[in-house]
Structure formats: C-alpha cells, structure tokens
Amino acid sequence: MRSTQRLLLSVGMAGLLLTVFPAGLPSVTTMARADSGNGSGHGNAGAHGAANGHANAAASNSHGATASSLGALNAAHASENALANASSDSRVGRIAAYRDAAAAAQTAADTEAAIGDALANLDSDGSGFVDSADEDTNQDGTVDPGEGTAVSDAIANLDTNADGVLDQTDIDNAQAAAETAQANADAKLTDAANKPVTDDVVDAVNHLLGIE
Ligand SMILES: [Ca+2]
Ligand SMILES: [Ca+2]
C-alpha cells in the first residue's frame with residue numbers, strides 16, 4: 001500500500017513536471033535526484049518545489065517530523081528504482097542501506113517472536129522445550145502421517161544453535177541477533193542523516209520507505 005502511495009505521488013509529480021517540460025517527461029531517476037537535492041536545499045521554484053512541498057507536508061502532518069527536521073533524509077522520497085540503483089556512497093544509497101538493514105532487523109525480531117510462540121504453543125509433552133518428541137501432538141504414542149509438521153517446521157527454521165531443540169538458548173540467541181540487527185539499522189540511518197535522528201524522524205523516514 002505504501003508503494004502505491006509513493007507511485008501515486010510520483011505520478012502526480014510527473015504530471016506537474018510534464019506541464020513544465022511538455023517536450024519530454026523526466027525519468028524517474030532524474031526526479032529522484034531532483035528530489036534528493038531539494039531535501040538539503042532551499043527555494044526550488046516551480047512545479048517541482050510545489051510537488052515536493054506537498055509530499056513533505058503530508059509526511060509532517062501524519063508523522064510529526066517536519067521536512068526541515070528530516071534534512072537530507074527527505075531523499076527517502078526517492079523512487080523504488082532510485083533506491084534500488086543508487087550508489088552506496090550517495091544519500092539515496094545510504095537510505096537504501098538503512099532500508100535493507102531495517103528489514104533485516106524486522107526479520108530478526110520476527111524470528112525471536114516465532115521462537116517464543118513455538119515454546120508457548122508447540123510443547124506438546126510439557127517438557128518446557130520443543131523437540132521431536134513434541135511431533136506427537138496428541139501424545140498418544142504415535143506420530144501419525146501429517147501430525148507434528150508445525151513442530152518439525154519450527155525446529156527446522158528456528159533452531160539457532162542447531163541442536164534439535166528449541167529452548168531458552170534459542171530465544172537468547174535470537175534476541176541478541178535482533179539487537180545487533182537493530183543497532184546496525186540505527187547506525188545506517190545515522191549515517192544517512194545530517195540532522196539529529198529523533199523518534200519522529202525515524203517514523204517519518206520509515207513511513208516514506210514503507211517500513212512499519
Ligand atoms: Ca516438549
Ligand atoms: Ca536449539
């Protein structure tokens with residue numbers, strides 16, 4: 001849905017640009033670069049300035065951070081294409097690196113939560129941990145065909161130390177991994193920013209990048 005919003009915004013900007021440049025529609029990449037430049041600059045005149053101002057106002061209204069407080073992070077307005085292809089040294093490239101790191105952090109947090117869910121829901125024999133014995137989900141002494149696949153899948157996907165058991169050690173490992181991944185994402189965002197990264201700024205950038 002966020003991608004759709006960004007696409008609609010891009011289409012709207014393209015329409016405005018088209019009225020100014022009827023001879024040719026600027027490429028998406030050109031628009032993104034212009035957008036990026038506007039993020040750290042002032043006073044762009046004409047249709048582009050109006051379009052960007054509108055986008056910034058929308059971000060500000062719904063997420064508390066002003067375009068000014070975002071500073072260079074206004075480049076998060078960049079198109080998907082620009083994010084995917086930007087040089088890693090560029091502002092948009094650094095923001096793309098943050099987006100990737102944030103996604104990894106979310107995956108790590110999801111893994112930690114999934115291990116907790118497995119311990120809460122898949123411990124069929126009440127041992128306090130999940131292992132192959134829990135595949136006999138009704139504990140009748142027989143693992144029937146199709147029985148216990150949730151258990152075996154969980155062990156296959158979530159066993160952080162590959163000992164065949166899901167237990168507190170796996171939660172601890174996953175928590176540490178999630179914290180490391182989040183710290184990495186935080187560092188990437190700081191690296192992309194040129195102003196203080198407040199919670200409102202994080203929210204606004206995440207909104208622009210489709211991260212929730
Ligand atoms: Ca068990
Ligand atoms: Ca384990």
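The values are calculated or read from the model by the stated rules, or taken from the named source; none is laboratory data. What you see is a predicted model; the values in this text were computed from it and never measured. Don't worry about glycine lacking a Cβ; one is built from the backbone with ideal geometry, like all the others, and counts go over all protein chains shown.
Some notes on this structure:
- Test result for Ala118, in contact with a strand residue (DSSP E or B) (Cβ under 9 Å, 6 or more places away or on another chain), within 16 Å of ligand 2 (Cβ to nearest atom) and modelled with pLDDT of 95 or more: yes
- Qualifying positions in the stretch 103-115 - away from ligand 2 (no atom under 13 Å from the Cβ) and among the β-branched types (Val, Ile, Thr): Thr107
- Per-region count, the stretch 132-147, residues surrounded by 13 or more Cβ atoms within 10 Å (Cβ to Cβ) and without any contact (Cβ under 8 Å) to a residue 24 or more places away in the chain: 7
To keep it simple, each residue is scored yes or no on (1) away from ligand 2 (no atom under 13 Å from the Cβ); (2) more than 23 Å from Glu212 (Cβ to Cβ).
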| site | (1), (2) |
| --- | --- |
| Asp100 | yes, no |
| Val130 | no, yes |
| Ala150 | yes, yes |
| Ala162 | no, yes |
| Asp167 | no, yes |
| Asp191 | yes, no |
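- Test: residue in the stretch 155-170 that is without any contact (Cβ under 8 Å) to a residue 40 or more places away in the chain, of a type outside the set (Phe, Trp, Tyr), in contact with a strand residue (DSSP E or B) (Cβ under 8 Å, 6 or more places away or on another chain) and part of a helix (DSSP H, G or I): yes
- For the stretch 109-131, taking the residues that are small (Gly, Ala, Ser) and near ligand 1 (Cβ under 9 Å from one of its atoms), the one that is surrounded by the fewest Cβ atoms within 10 Å (Cβ to Cβ) is identified as Gly126.
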